[in-house]
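**Student:** My questions all concern the structure below.
Readers should treat all values here as calculations from the given coordinates under stated rules, not as data from a laboratory. What you see is a predicted model, and the numbers here were worked out from it, not measured in a lab. Glycine also receives a Cβ, built like all others from the backbone with ideal geometry; neighbour counts cover every protein chain displayed.
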Number of protein chains: 2
Amino acid sequence: MQPNTSPQNVPIADIVYTNCQQGADLFDHADIKPHFWSLCRSFVSEEFMTYCGIASAVTALNSLCVPAPDSPQIYPYKVFTQDNFFTDDVLHFRRPIEVEKHGNTLAQLATMLSLFAVTVDVIKADELSVDECRMLLVGAVGDPSKRVIVDFDRRCLGQKGHGHFSPLAAFHSQEDMFLLMDVARYKLPPCWVRHPLLHSSMVTVDSSSETSRGFLVLTSKE
Amino acid sequence: MQPNTSPQNVPIADIVYTNCQQGADLFDHADIKPHFWSLCRSFVSEEFMTYCGIASAVTALNSLCVPAPDSPQIYPYKVFTQDNFFTDDVLHFRRPIEVEKHGNTLAQLATMLSLFAVTVDVIKADELSVDECRMLLVGAVGDPSKRVIVDFDRRCLGQKGHGHFSPLAAFHSQEDMFLLMDVARYKLPPCWVRHPLLHSSMVTVDSSSETSRGFLVLTSKE
């Protein structure tokens, strides 16, 4: 492994946005990216600033082709939206107004997702070493039947804001970087994050749950 | 030029979807793709089956960072949506109910787009040879300050439906193929289309306008 250099031997920072050539080049040479094109097809922006979990869920569920609720505007097709995600089952647990006000914790998002045709594994980052965390993330990012949503603190990445959810779309083994598809698309482009930095951004305490952030692994039931 | 073979020398059809390995590989080896990541970031699904023009416009305008109307839900950020695209100026020309019922012609979409901070060139495909058309499209797809929206007949591509708008995101010179970001995302993934086929799908008559389809080239005014 020879990290920190691009194909042109230019040092690469721990976070590289895809609106620069280096970020684009990293994708072309990334070795683990079976999720990317389905995520690209289903990638949406959070509709409210606190809807990062909902937007990540919708992106991941559509990307896995999980059966979606009715979608009258495009009948007979069906697709998850940030509106129809709130089915009766979801509403029984949590309403849009609560998410608009407070966002979601990792556990809350997991509970909502588990009401659809996916199994949801909740992984707290503080229970894993950097290497264990990488192994789990790479395994999931490389499996076409799984999707990963990370819950991290933006401040660790030098970004404005605090707790945030977004899906991962690829891994570049040589650079040890994950491609993060930021659902606050009006704010930031997708970016590559070096794994130890991503891990440290997940080993932070969510003040709402008073426990560690981490990530969700969704597995299609079909 | 050695068309019709993949890097593994497997023959490539005239249309290749990105949900297969060949489609993904084409992207990694495509030589002209400066628009891709900004389009990926702004790529949206049409909200109604007749909103392909509006969804393509919103994707292209956000991708060019054209100043957007107010967006209360994400204040102070601003982004084009398929709702706020209908500003007073646009509504004076055309209302959502009309687009929902009838969609747009190439000229109507151009008029609406010209009400924002972009210059809009309208190109009718029947006025161009295959080579002239390629030259114009490649020039625009390779220019970071431009975006291309094509107006084509789906039937020529072997797809269900008829007239449709979507942005182009890349060109693969060796294969002579464009990457089409289909905004009916619930229906089809992005796909690579060989240029002569794309040209023939644009040299078709739109029964609403009774003139040839074609494409729009948007240029940022900033």
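**Student:** Apply the Karplus parameterisation 6.51 cos²θ - 1.76 cosθ + 1.60, with θ equal to phi minus 60°, to every residue of region A:137-146 and state each ³J(HN,Hα) to the nearest whole Hz, in sequence, with x for glycine and proline.
**Tutor:** Running phi through 6.51 cos²θ - 1.76 cosθ + 1.60 with θ = phi - 60° gives 5, 5, x, 6, 5, x, 9, x, 8, 10 Hz.
**Student:** Between A:Ala13 and B:Ser200, what is the label-point separation in nm under the 7 Å Cα-to-beta-carbon projection?
**Tutor:** 4.9
**Student:** Same structure again: Determine how many Å³ per residue the convex hull of the Cα atoms of region B:95-143 encloses. Intermediate results must be reported in sequence, preceding the final value.
**Tutor:** Numbers: hull volume 4.8 nm³, N = 49.
Expressed per residue, the convex hull around the Cα atoms of region B:95-143 is 98 Å³.
**Student:** A further question on this structure: Using a Förster distance of 25 angstrom, determine the FRET efficiency expected from the C-beta separation of B:Lys101 and B:Glu127, and round it to 0.05.
**Tutor:** Working: r = 29 Å, r/R0 = 1.17.
It comes to 0.30.
**Student:** On a straight-distance basis, which lysines could pair with A:Lys78 in a cross-link, Cα separation under 29 angstrom, same-chain partners fewer than 8 positions away excluded?
**Tutor:** Hits, sequence-local ones excluded: A:Lys33, A:Lys101, A:Lys146, A:Lys187, A:Lys221, B:Lys78, B:Lys101, B:Lys160, B:Lys187.
**Student:** Over the Cα atoms of the protein assembly as shown, Rg to Rh with Kirkwood Rh, two decimal places? List each step's numbers first, then the result.
**Tutor:** Details: Rg = 21.5 Å, Rh = 22.4 Å.
Result: Rg/Rh = 0.96.
**Student:** Distances longer than 29 Å among the Cα atoms of region B:15-220: what percent of all pairs is that?
**Tutor:** Working: 3624 of 21115 pairs.
Every Cα pair in region B:15-220 considered, those over 29 Å come to 17 percent.
**Student:** At a threshold of 8 angstrom on Cα-Cα distance, excluding pairs fewer than six apart, so keeping six or more, what relative contact order does chain B reach in percent? Mind dumping the intermediate values first?
**Tutor:** Details: 417 pairs, mean separation 62.9, N = 222.
Relative contact order here is 28 percent.
**Student:** For region B:21-90, evaluate the Debye formula with one uniform point scatterer on each Cα (no solvent term) and list log10 I(q)/I(0) at q = 0.15, 0.18, 0.21 Å⁻¹, rounded to two decimals.
**Tutor:** Listed by q, the Debye log ratios stand at -0.59, -0.76, -0.93.
**Student:** Please list, in chain and number order, the residues 5+ apart from A:Ala170 or on another chain whose amide H is under 5 Å from its amide H, with Hs placed from the backbone.
**Tutor:** So A:Ala170 has HN proximity to A:Leu179.
**Student:** Okay, moving on. Modelling each spin label as a point 7 Å along the Cα-to-Cβ direction, I'd like the B:Thr50/A:Gln174 distance in nm, to one decimal.
**Tutor:** With each label placed 7 Å out from Cα toward Cβ, I get 5.2 nm.
**Student:** Shifting gears a bit: Any chance you could run the full-extension gain for A:Gln21 through A:Asp89? It's 0.36 nm times the residue separation minus the Cα-Cα distance, nm to one decimal. It would help to have the intermediate numbers written out before the result.
**Tutor:** Numbers: separation 68, 0.36 × 68 = 24.48 nm, distance 4.43 nm.
In short, 20.1 nm is gained.
**Student:** Based only on other Cβ atoms within 10 Å, what is the fewest-to-most ordering of B:Met49, A:Met177?
**Tutor:** Working: B:Met49 17, A:Met177 25.
Lowest count first: B:Met49, A:Met177.
**Student:** Follow-up question, since we're still on this one. Give me the base-10 log of I(q)/I(0) for region A:99-222 at each q in 0.09, 0.12, 0.21, 0.22 Å⁻¹, Debye formula, one uniform scatterer per Cα, rounded to two decimals.
**Tutor:** Taking Cα atoms of region A:99-222 as identical point scatterers yields -0.22, -0.40, -1.33, -1.46.
**Student:** For the pair B:His162/B:Tyr77, report the inter-label distance in nm, with labels modelled 7 Å from Cα in the Cβ direction.
**Tutor:** Those two pseudo-labels are separated by 3.9 nm.
**Student:** Another question about this same structure. Apply the Karplus curve 6.51 cos²θ - 1.76 cosθ + 1.60, θ = phi - 60°, to the phi angles in region B:58-63 and return the couplings in whole Hz, x for Gly and Pro.
**Tutor:** Whole-Hz 3J(HN,Hα) from phi for region B:58-63: 4, 4, 5, 5, 5, 5.
**Student:** Something else about it: Which value in deg cm²/dmol, rounded to the nearest 500, describes the helix-derived mean residue ellipticity at 222 nm for chain B, given -39,500 (n - 2.57) per DSSP H run of n ≥ 4 and division by the residue count? Walk me through the numbers before you get to the answer.
**Tutor:** Details: 8 runs with 69 residues, N = 222.
Only helices count here, giving -8500 deg cm²/dmol.
**Student:** Okay, next question. What span do the alpha-carbon atoms of region B:80-170 cover on each of the three principal axes, reported in whole Å from largest to smallest?
**Tutor:** Principal axes ranked by extent give 40, 33, 23 Å for the Cα atoms.
**Student:** Could you list A:Phe43, B:Phe48, A:Phe116 so that the one with the fewest beta carbons within 10 Å of its beta carbon is first and the one with the most is last? Mind showing how you got there, number by number?
**Tutor:** Working: A:Phe43 29, B:Phe48 17, A:Phe116 21.
With the sparsest Cβ surroundings first, the list reads B:Phe48, A:Phe116, A:Phe43.
**Student:** Which of A:Ser114, A:Ser42, A:Ser71 ends up with the largest GNM mean-square fluctuation for chain A, with Cα atoms connected below 10 Å?
**Tutor:** Largest GNM mean-square fluctuation: A:Ser71.
**Student:** Right, here's the next one. Sort out for me the Cα centre separation of region B:72-108 from region A:9-38, rounded to whole Å.
**Tutor:** 34
**Student:** Okay, moving on. Of B:Val120, B:Ile74, B:Phe93, which is farthest on the positive side of the dipole of chain B, counting Cα position, with +1 on Lys and Arg Cβ, -1 on Asp and Glu Cβ, and the Cα centre as origin?
**Tutor:** Working it through, the farthest residue towards the positive pole turns out to be B:Ile74.
**Student:** If you don't mind, another one. If you take the beta carbon distance between A:Met135 and A:Asp28 as r and set R0 to 22 Å, what does 1/(1 + (r/R0)^6) give as a FRET efficiency, to the nearest 0.05? Please report the intermediate quantities before stating the final value.
**Tutor:** On the way: r = 25 Å, r/R0 = 1.13.
Efficiency at R0 = 22 Å is approximately 0.30.
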